[in-house]
Amino acid sequence: MLRLLFLAIPLAWLLPTVAAADPVASPAAVTPTVESSGPKLELDDDGAAMAPTVGHGQPNDNDARAEMYRRTSLLDNISDKLLSVHNKTTIGGYGEIEYTNEQGRDSFFNAHRYVLFFYSQMHPRISTSTEFEIEFGGSPSKRDGQLQAGEAILEFSVVDFKATEWLTLRAGIILVPFGAYNLRHDAPTQDLSERPLPLTTITPSTWFETGVGALGKFEFGDQTLAYEVYAINGLDAKIADGMGTKGAVGSKGEDNNDDKALVGRLSWAPNLKLELGLSGYRGEYDDQQRRIQMVSADLTARLGRLEFQGEYVRAFIDPGYVQGFSAGSPANSRAPIPTDMQGWYLQSNLHFTIPWLWQLLPADLTDSVMTAVLRYEQTDTNQAALNQFDVDKLTAGLNYRPIEGYVWKNEVQLVSNAAGGVRRDVASGAWDFAPKFVSSVAFLF
């Protein structure tokens, strides 16, 4: 006790001296004198104009800088810090509830996902964004009479430093920029309930991983050239026919080898009605230097009320086995890994109104829109085998949007596969499909 007292006495004597030298306590004391006609750096929404520095390393003395010192002070607790930033953080999100009725299975309601968004602008050039997703009601989740872990996970959590319009540095848990759909997968923005099968197997949508990289865009009149490129932990060896790479997504906190995967997407939009994208991924999937390489091409086009979407993906994988996990892990199945995967989808969306029906709607719903949707897709997670994982799927849907952020979707899916080694796609003339009905409500807030 006496030792603490002896330490406290000199500390109490020093505090007034530290406070007097603190730039927050007396910012005017360190503000350099500058000529009013000299050049100044001014950033939009940065409060007072930032005064030029004198020498390297000296902070700009403005209100924003002083506020940051207070926010990070070692003398304040977390409540004090939160009170200083509450007016700069935006909270939003979206949700999705489904009803499914398919052949050979009991129908059911499903609280599929509830997602919270957090966005904070710490500085005109520095921001942080987070997406926190709860799936199937969280944890515990009951399936087939057994309680098991649900899902509550950070699906996206980054901090950005925007140097220029064409260069933003990003670090954190990123949405992997492989294809357009993975970047724009949010349920309220999509016109069908279920995601394209090739993008949930060959590529594991939603695909997110820890990494660092950059993004930006260049504008030339009406044309826009945009890019995203990152180094990430990458996929592991749990790659299989049927599941594709979905089981190979990393844990966000480790890597099973020293090689970091590289992934990126380049898109070109000559106008607001057309976008073309190319994506690539390359990285080792085990500690034996075996690699997986993937390419993707995507298209989005708008012609008045009609839209077209499409994406093609191909994976080339070095021969190997599902192994390399800790000793005794059941993940070490030693099953051979498929070396070639391929899939694609094409979708058309027709937006329309029904004038006589719209006249019966309340005045604040006259902007309502209906959309008729048709999608055809194929996926093959092992091109060397013809089996039940060679899937063809045709989906016809109709949805209603009273406002842009709320949509009621209804769709019928016709699914066929090559079980028994017999090709049953539409072109074969032997299509043997199992029908499935899905209805869902998705909303954005």
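Yes/no per residue for (1) of a type in the set (Asp, Glu); (2) in contact with an Asp or Glu (Cβ under 8 Å, 6 or more places away or on another chain):
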{"residue": "LYS252", "(1), (2)": "no, yes"}
{"residue": "ASP298", "(1), (2)": "yes, yes"}
{"residue": "GLY304", "(1), (2)": "no, no"}
{"residue": "GLY310", "(1), (2)": "no, yes"}
{"residue": "PHE316", "(1), (2)": "no, yes"}
{"residue": "ASN332", "(1), (2)": "no, no"}
{"residue": "LEU346", "(1), (2)": "no, yes"}
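If you check THR371 against the conditions, is it in the same structural domain as GLU307 (by TED's automatic domain parsing), closer than 23 Å to VAL441 by Cβ, in contact (Cβ under 8 Å) with a residue 60 or more places away in the chain and in contact with a His (Cβ under 6 Å, 6 or more places away or on another chain)? When the stated conditions are applied, THR371 passes them.
Residues are listed down the side, and each one gets a yes or a no for (1) without any contact (Cβ under 8 Å) to a residue 12 or more places away in the chain; (2) in a strand (DSSP E or B); (3) farther than 28 Å from VAL369 by Cβ:
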site: GLY216; (1), (2), (3): no, yes, yes
site: TYR227; (1), (2), (3): no, yes, yes
site: LEU235; (1), (2), (3): no, no, yes
site: GLY277; (1), (2), (3): no, yes, no
site: GLY280; (1), (2), (3): no, yes, yes
site: VAL295; (1), (2), (3): no, yes, yes
site: LEU299; (1), (2), (3): no, yes, no
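In this entry, GLN323 passes the filter for residues that are over 30 Å from ALA180 (Cβ atoms) and out of contact with any helix residue (DSSP H, G or I) (no Cβ under 9 Å at 6 or more places or on another chain). Considering the stretch 309-332, the residues that are out of contact with any strand residue (DSSP E or B) (no Cβ under 8 Å at 6 or more places or on another chain) and of a type in the set (Ser, Thr, Tyr) include one that is modelled with the lowest pLDDT, namely SER326. Which one of these is outside any strand (DSSP E or B) and in the same structural domain as VAL295 (by TED's automatic domain parsing): PRO177, PRO188? The conditions single out PRO188. When restricted to residues that are modelled with pLDDT under 95 and acidic (Asp, Glu), the stretch 166-204 contains 1. Of all residues in the stretch 291-322, those that are aliphatic (A, V, I, L, M) and surrounded by fewer than 19 Cβ atoms within 10 Å (Cβ to Cβ) total 6. For the stretch 351-365, the criterion of a residue being of a type in the set (Gly, Ala, Ser) and either outside the structural domain of LEU199 (by TED's automatic domain parsing) or within 26 Å of GLU102 (Cβ to Cβ) (or both) is satisfied by no position.
Restricting the stretch 105-149 to residues that are free of Cβ contacts under 8 Å to residues at least 12 places away in the same chain and of a type in the set (A, V, I, L, M), the residue that is nearest to THR168 (Cα to Cα) is ALA149.
Which of the residues that make up the stretch 135-174 are over 22 Å from LEU276 (Cα atoms) and either assigned by TED's automatic domain parsing to the domain that holds GLU219 or part of a loop (DSSP other than H, G, I, E, B) (or both)?
Within the stretch 135-174, the first condition is being over 22 Å from LEU276 (Cα atoms), and the residues that meet it are 135-164, 169-173.
Hits for the stretch 135-174 are PHE136, GLY137, GLY138, SER139, PRO140, ASP144, GLY145, ALA149, GLY150.
Restricting attention to the stretch 336-358, the residues that are under 30 Å from TYR321 (Cβ atoms), aromatic (Phe, Trp, Tyr) and either over 27 Å from the mean Cα position of the chain (by Cα) or not in a strand (DSSP E or B) (or both) add up to 0. Quick one: is GLU377 in the same structural domain as ILE239 (by TED's automatic domain parsing), charged (D, E, K, R) and either at pLDDT below 95 or on the phi > 0 side of the Ramachandran plot (or both)? The answer is no for GLU377. Residues in the stretch 344-395 that are among the charged types (D, E, K, R) and touching a strand residue (DSSP E or B) at 6+ places or on another chain (Cβ under 8 Å): ASP367, ARG375, GLU377, ASP380, ASP390, ASP392, LYS393.
Kindly provide the set of residues from the stretch 321-335 that are in contact with a Ser or Thr (Cβ under 9 Å, 6 or more places away or on another chain) and either assigned to a loop (DSSP other than H, G, I, E, B) or not assigned by TED's automatic domain parsing to the domain that holds ALA240 (or both), ordered by number. Residues satisfying the conditions are VAL322, GLN323, ASN332. Within the stretch 332-352, being loosely packed, with under 14 Cβ neighbours inside 10 Å and more than 13 Å from GLY244 (Cα to Cα) holds for ARG334, PHE352. Would you pick out the residues in the stretch 143-194 that are within 30 Å of ARG305 (Cα to Cα), surrounded by fewer than 17 Cβ atoms within 10 Å (Cβ to Cβ) and not polar (S, T, N, Q)? Within the stretch 143-194, just ARG184 meets the criteria.
The values are calculated or read from the model by the stated rules, or taken from the named source; none is laboratory data. Since this is a predicted model, take the numbers as computed values, not measurements. No Cβ is skipped: glycine too gets one built from the backbone with ideal geometry, and neighbour counts run over all protein chains shown.
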